[in-house]
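Structure first, then comments.
Just so it is clear, none of the values below were taken in a lab; they were calculated from the coordinates. Since we're looking at a predicted model, the values are computed, not measured. Note that each Cβ is placed from the backbone with ideal geometry, even for glycine, and that neighbours are counted across all protein chains shown.
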Ligand SMILES: [Zn+2]
């Protein structure tokens, strides 16, 4: 089966060229002027006026994730379908170790969740919940399971949070054996102490979530994490950076030449703290940790997308029903009607990341199309050991391709999105630039808003090596 994508403009992280692309089975077989190589039975796609980009890679998602008696609403089918509609063709989800179980058990549990449901390609990081000596001893064996990244938490006291000694140990061991450490950097002790005080004072409105998770809470943990990189010499990837102050710590580390990298999320590109602070319980829709911060913080994030301080834009996609009491649903944000402290933490976004980043980044002139491709796809592939199989339009790479119409407009809405959730944090935002055709390994999954995919097509992508520090 051969397809020729003809007459488009290929945009890569490093250059832009007008060229045709030949897809043969699952791979990109040739790039160039290909009209002379056409066979009678080739499928030819007219890509004139379209950008041909590598499929998006979302390195941070939580599909089918248990959370305080409920779970995130998208599973590996609905989440993948939504991702594909939005131009994302690979994601890395967080498998979670359970207390008393091994890291390997956690990875296998998550592999089973995706089995038979997956539509796009996927891989896993493993989150540490029980940082015992046995757990640490497992780290050198993780890549046998196809996992080369481990996540630790400085947040969520009494659940995931680990102390500095344990963090230093894991960071050290992981670095030695070629496993990349990811960190959720918020000071969990400070969050717990402030939360306790707020709740004792009867401060239950949604807006107090922002007080408990302020910028300095993030920046303190981030600054410490950057120093730990210097102490251990191990590379570190800081997930979901939301504050300008936190980014200053990242900048400090990078200027020193430390192997520290930063991810932000699409919601921080458009939302500020005001989203949670206005509208009473409506604010619960936007509660996530860390929450979006001030307009100033957002301006620093924008700046860091352009200047290279931030390497990737993810989603931290972790949707919960806004109203889980309706028929056929399960508990969601309404669990926190009485207090912000009980609201399940997380926002949907897997479908919107690619287009929102294009809209906020490229249409505004903040970044160019090539930098967009780096942030949306190529850098994640390089950092997490997927490159050059993923993240590039190159001969021999998987044919994960987005045909993108930079002039097509679309108004984002829960009424038309494909995520299994009853609201959208970008509701009403009109974006210019839209994925019109989306391929995963040569297979067309979405064409002009029509779904052509099939459960079970998506593949687990084994990552046995760390990738590289960008
Ligand atoms: Zn997360």
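Overall shape: prolate for the range 319-470, with the ratio a/c of the largest to smallest alpha carbon gyration tensor axis at 1.5 or above and a/b above b/c. Estimated from helices alone, the mean residue ellipticity of the chain at 222 nm is -7500 deg cm²/dmol (sum of -39500 (n - 2.57) over DSSP H runs with n ≥ 4, per residue). Between the beta carbons of residue 407 and residue 18, assuming R0 = 25 Å, the FRET efficiency works out to 0.90 to the nearest 0.05.
What whole-number distance in Å separates the alpha-carbon centres of the range 352-417 and the range 430-460? Answer, in whole Å: 13. Cβ-to-Cβ counts within 10 Å put 167, 67 in ascending order as 67, 167, the fewest first. Within the range 3-147, antiparallel bridges make up roughly 45 percent of the DSSP beta bridges whose residues both belong there. Can you tell me the orientation of helix 164-176 relative to the chain, as the angle in degrees between its alpha-carbon axis and the longest Cα principal axis, to the nearest 10? Once rounded, the angle reads 30 degrees. The stretch between residue 448 and residue 230 holds 73.6 nm of extra length on full extension. This uses 0.36 nm per residue minus the Cα-Cα distance. Look at 409, 342 and count the other Cβ atoms within 10 Å of each Cβ; fewest to most, that gives 409, 342.
Please work out whether the range 1-47 counts as rounded, prolate or oblate from its C-alpha gyration tensor, where a ≥ b ≥ c are the square roots of the eigenvalues and a/c under 1.5 means rounded, while otherwise a/b larger than b/c means prolate and anything else oblate? Verdict is prolate for the range 1-47. Mean sequence separation of contacting Cα pairs (under 8 Å, at least six apart), scaled by the length of the range 224-279, corresponds to a relative contact order of 38 percent. For the peptides 35-47, 252-264, the ranking by packing is 252-264, 35-47, with the highest mean count of neighbouring Cβ atoms within 10 Å listed first.
One chain, two ends: residue 168 and residue 200. Fully extended at 0.36 nm per residue, the span grows by 8.1 nm beyond their Cα-Cα distance. Can you tell me what share of the DSSP beta bridges in the range 1-63 is antiparallel? A percent to the nearest 5 is fine. For the range 1-63, the DSSP antiparallel bridge percentage is about 65.
For the chain, what's the relative contact order in percent, using C-alpha pairs closer than 8 Å and at least 6 residues apart?
Worked out over the chain, it gives 22 percent.
What shape does the range 121-266 have by the C-alpha gyration tensor, where a ≥ b ≥ c are the square roots of the eigenvalues, rounded means a/c under 1.5, and otherwise prolate means a/b greater than b/c and oblate the rest? Prolate is the answer for the range 121-266, as a/c is 1.5 or above and a/b outweighs b/c.
From least to most packed, judged by other beta carbons within 10 angstrom and beginning with the fewest, 377, 127 follow the order 127, 377.
Here the convex hull built on the C-alpha positions of the chain has a volume of 129 cubic angstrom per residue. When both bridge partners sit in the chain, DSSP labels roughly 45% of those beta bridges antiparallel.
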